[in-house]
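Shown next, in structure tokens, is the structure this report addresses.
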């Protein structure tokens, strides 16, 4: 029985800008055939599987993760006989993640590890079909999309808030008078809000909406006082002056909007964003994992890839397998307390 609905607003609200930015220059197809196409990452054929590479995406086709994977699939096509992107959505991403965990560990099947599948769901779902700690071999992180604390400029002006410090001061002086919206219980915006409330020592009422887009509309209409939105969705309204960006939630300022301070400047160590990366089944040989890592890091470094990601306020963030593994473990530990505090749960 579903006690509270799992929302994937961060996936839905990013889809439109990703469609515009990521599909440019790619056919959007499921299979990218091997070839010497311009810019494709290359590797000695004998060093990688002679089979087509299958990349499992645990979400529906057309979403932000799917589209970013297709860009990378096009870039690495020269290293494999073929690259197949397979969408296996369902159960908040758990079905696709399980398919990766159960795949033959020969380097021919890899998949996506995301905030939901590897950090939130293990605490949100009472019964998990895989172990996020031990069933996967990290390859590399792909990117992150910063979240941003935003208010309408009208609300900020009315309340006398011009900075993050002003916001915290007002919230402490007026407990429970502020409210914030999100895409639903357990969504990225909800969990970011709960983390911020705890760290800042404030109280604000959470108003769940049926998805990220309605939550943004609720903010613009004045139904709620603030939101934690993803930067890709909020950027247009920030630039137009409709929204005031008080802070980004990444550890440091985003190079995409460097004028916006980070929450961590006021509350050191605070960091929460939307991210995803590549993993293989746990028993995949280390040498094969390293070869996959080299091919995909090269693809991530390509200027065209960086430009497409920058257009949607996403930051390519390649890492070593070891560093990505440590990151996954840290994110899993971080979200345990956050999810439990939020009260969100799926039976």
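The values are calculated or read from the model by the stated rules, or taken from the named source; none is laboratory data. Quantities reported herein were computed from a predicted structural model and do not represent experimental measurements. All Cβ positions, even for glycine, are placed from backbone atoms using ideal geometry, and neighbour counts span all protein chains on display.
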Qualifying residue in segment 308-317 (condition: crowded, with 17+ Cβ neighbours inside 10 Å, at negative phi, modelled with pLDDT of 95 or more and in contact with a strand residue (DSSP E or B) (Cβ under 8 Å, 6 or more places away or on another chain)) | no
Considering only segment 319-347, state which residues are touching a helix residue (DSSP H, G or I) at 6+ places or on another chain (Cβ under 6 Å) and under 18 Å from residue 271 (Cα atoms).
-> 328, 331, 332, 335, 336, 338, 339, 341, 342
Scanning segment 253-289 for residues that are surrounded by fewer than 17 Cβ atoms within 10 Å (Cβ to Cβ) and under 21 Å from residue 233 (Cβ atoms), the one nearest to the chain's Cα centre (by Cα) turns out to be 255
Out of 203, 167, 196, report the one residue that is part of a loop (DSSP other than H, G, I, E, B), touching a residue at least 24 places away in the same chain (Cβ under 8 Å), out of contact with any helix residue (DSSP H, G or I) (no Cβ under 6 Å at 6 or more places or on another chain) and not assigned by TED's automatic domain parsing to the domain that holds residue 310.
-> 203
Condition set part of a helix (DSSP H, G or I) and closer than 30 Å to residue 306 by Cβ, scope segment 110-158, selection nearest to the chain's Cα centre (by Cα): answer is 115
Among residues of segment 318-347 being assigned to a loop (DSSP other than H, G, I, E, B) and at negative phi, the residue modelled with the lowest pLDDT is 347
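Residue-by-condition table, conditions (1) surrounded by fewer than 20 Cβ atoms within 10 Å (Cβ to Cβ); (2) touching a residue at least 60 places away in the same chain (Cβ under 8 Å); (3) assigned by TED's automatic domain parsing to the domain that holds residue 313:
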{"site": "97", "(1), (2), (3)": "no, no, yes"}
{"site": "109", "(1), (2), (3)": "no, yes, yes"}
{"site": "116", "(1), (2), (3)": "no, yes, yes"}
{"site": "128", "(1), (2), (3)": "yes, no, yes"}
{"site": "139", "(1), (2), (3)": "no, yes, yes"}
{"site": "186", "(1), (2), (3)": "no, yes, no"}
Pairs under 8 Å by beta carbon, first residue farther than 21 Å from residue 159 by Cβ and not assigned by TED's automatic domain parsing to the domain that holds residue 308 in segment 232-245, partner modelled with pLDDT of 90 or more and surrounded by 24 or more Cβ atoms within 10 Å (Cβ to Cβ), six or more apart or different chains?
-> 233/216
May I ask you to list the residues in segment 244-275 that are part of a strand (DSSP E or B) and either closer than 11 Å to residue 148 by Cα or at pLDDT below 90 (or both)?
-> 244, 245, 246, 247, 248, 262, 273, 274
Across (1) at pLDDT 95 or above; (2) assigned by TED's automatic domain parsing to the domain that holds residue 157; (3) in a strand (DSSP E or B), residue 229 clears everything bar (1)
